[in-house]
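Here is the structure we will look at.
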Amino acid sequence: MDHNTLPPGSLDRAIRQMRAALGAQNVLTDPAAMADYGDPFAPPGDWYRPGAVLLPESVEQVQAVLRIANEHGTPVWTSSQGRNKGYGGGAPRVSGSFALSLRRMNRVLEVNEESCWALIEPGVRFFDLYAHLRASGSRLWMSVPDLGAGSVIGNALDHGLGYTPMGDHFGNHCGMEVVLANGDVLRTGMGGMSNPHAWQVFPHGCGPTADGLFTQSNYGVVTKMGVWLMPPPEVYMPGWLTLDSEAQFGPFLEALRPLMIDGTIPNQPMIINAVCAASAFWDRKDWYTGDAAIPEQVIDEIAKTPGFGRWVMRFALSGDTPVVAHQRAKVEAAFGAIPGCTLTFSQYDGCNLPELENPHERVQAGIPSMALDRMTRWYGGEHGGHIGFSCAMPITGRDGVAIRDLTRRQLNADGLDYSGVFIVSKRYMIHVALVVFDTQDAAQSRRAYASTKAMLEPAAKLGYGEYRSHIDFMDIVAEQYDFNNHAQRRFAETIKDAVDPNGILSPGKQGIWPRAYRNGR
């Protein structure tokens, strides 16, 4: 690992002022107290770590933090909840920096039933928003990822995905409030007016639409955001598709693409391989105890488990009764011609859901869960962790097979199991390899990180770029976006130097370094 580290004592003078601004109890310096604000899957040894944790509760306190950071030139790494598991959590790229956690800014400010939106702060978790909707008697559905403990805003800003028809979380946001590096407060879109009536319904304004500049960037601190919700469907019909052969994976994707583009399948399906599916129920040792990658014949045995397969896709149909019946008929016709393909469905009243026991059915109905967190226990049990290797591509058999084979080949060569999923949207899919490892096993941890890094350039040569990155790989990932001598990065650096001349906000985020850090590139 190669990363910047602040010298000891760099934060001392600033810490005194931070305590005065936030209250001493909201400036954490004890290593035990800071443990939950770093990388939850940090391997043994030196790693990215905060030097102190700051916990503001208001926009005014965020402004105070940035004023003090500018005065002392101390870097501040921002996170909403810091639950971005598999990508480094809330750990800063410059070790020893302030970690600015927005967990205490956790209010649901408004819910509008008529136009189906909520205005929230960055500390609001998916669990919190769901609880607020139910407690207030709201009929509205939200969208959630597989793990509900993260921030709704933080997930959207990192281009995270959920599994209702509103599953493109940033695509279904509307309007932001941002504290810029100099402490100025900006509201995007219609929020630029003093008394807007359309801030949470019309996503633009008059002039440049700035919202996207604050995703995966280090240009400001998002303190409010509007999120779109949806009315409950008349029918909610979760479905399962299983494939008993890897050979049918490509033809299956070809059959899936038209169903996504024309909206027959309205949500965002997840396609899960046998090893990943097994990790939600068992430890690796329940199937195999060897040191090498799990053999094909063992994966075949896993695939024979009822409800499994070499690949399994969860998805959901929804809408009015005749619409869902038509959707189902089209799905059955499209996949019925694929040998070894099996379909099953459940059906519920979307306006009066029962208590759903299956966590997959829960998240596709916008109900947060933590059940699938068990997947990290495949290696190491309680000490299991994972890295997300996450590339975007078209929904084609050619692309799906290519990334599957590249990833499986590299991980298996390094003695690691290929645990893979594809999250499918309307015109693209994200392949996420869950590179699982035992965080207490130093040798296996090193192999996991080295193996993931080894896949970045070969994937880019095939045309697949990571859509989000672990903190340890951000510079390597940015290097792959090389069109016209890295024009994207040069543009990002120009903006960085203009809006944050002292370089205090999240230096190194997505490979965007302030001028003072760039000389040694």
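Things to note:
- Each Cα pair under 8 Å and six or more residues apart adds its sequence gap; the mean of these over the residue count of region 11-146 is a relative contact order of 22 percent.
- Share of Cα-Cα pairs in region 235-473 lying beyond 33 Å, as whole percent: 17
- When each of the peptides 267-274, 83-90 is scored by the mean number of other C-beta atoms lying within 10 Å of its residues, the order from highest to lowest reads 267-274, 83-90.
- A straight chain from F202 to A487 at 0.36 nm per residue would run longer than the Cα-Cα distance by 99.6 nm.
- Placing a pseudo-label 7 Å from each Cα along the Cα-to-Cβ vector at R374 and R19 gives an inter-label distance of 4.5 nm.
- Between 0 and 90°, nearest 10: helix 59-72 axis offset from the chain longest Cα axis: 60
- Two-decimal Rg to Rh for the chain - Kirkwood Rh, Cα set: 0.96
- Alpha-carbon centroid distance for the pair region 131-155 / region 452-486, whole angstrom: 32
- Highest mean first, the peptides 30-42, 426-438, 287-299 sorted by other C-beta atoms within 10 Å per residue fall in the order 426-438, 30-42, 287-299.
- Vicinal HN-Hα couplings computed from phi for region 337-350 (Karplus, 6.51 cos²θ - 1.76 cosθ + 1.60; Hz; Gly/Pro x): 7, 8, x, x, 9, 10, 10, 9, 9, 10, 9, 9, 6, x
- Mean projected area (nm²) of the alpha-carbon convex hull when region 108-228 is viewed from all directions: 7.3
- Evaluated on region 12-101, the Kirkwood hydrodynamic radius is 13.0 Å, with distances taken between all distinct Cα atoms.
- From its DSSP helices (H runs of at least four residues, each -39,500 (n - 2.57)), the chain gives a residue-normalised ellipticity at 222 nm of -9000 deg cm²/dmol.
No value in this document is a laboratory result; all are computed from the given coordinates. All figures in this text were calculated on a predicted structure; none of them were measured in a lab. Every residue, glycine as well, gets a Cβ built from its backbone with ideal geometry; the counts of neighbours run over all protein chains shown.
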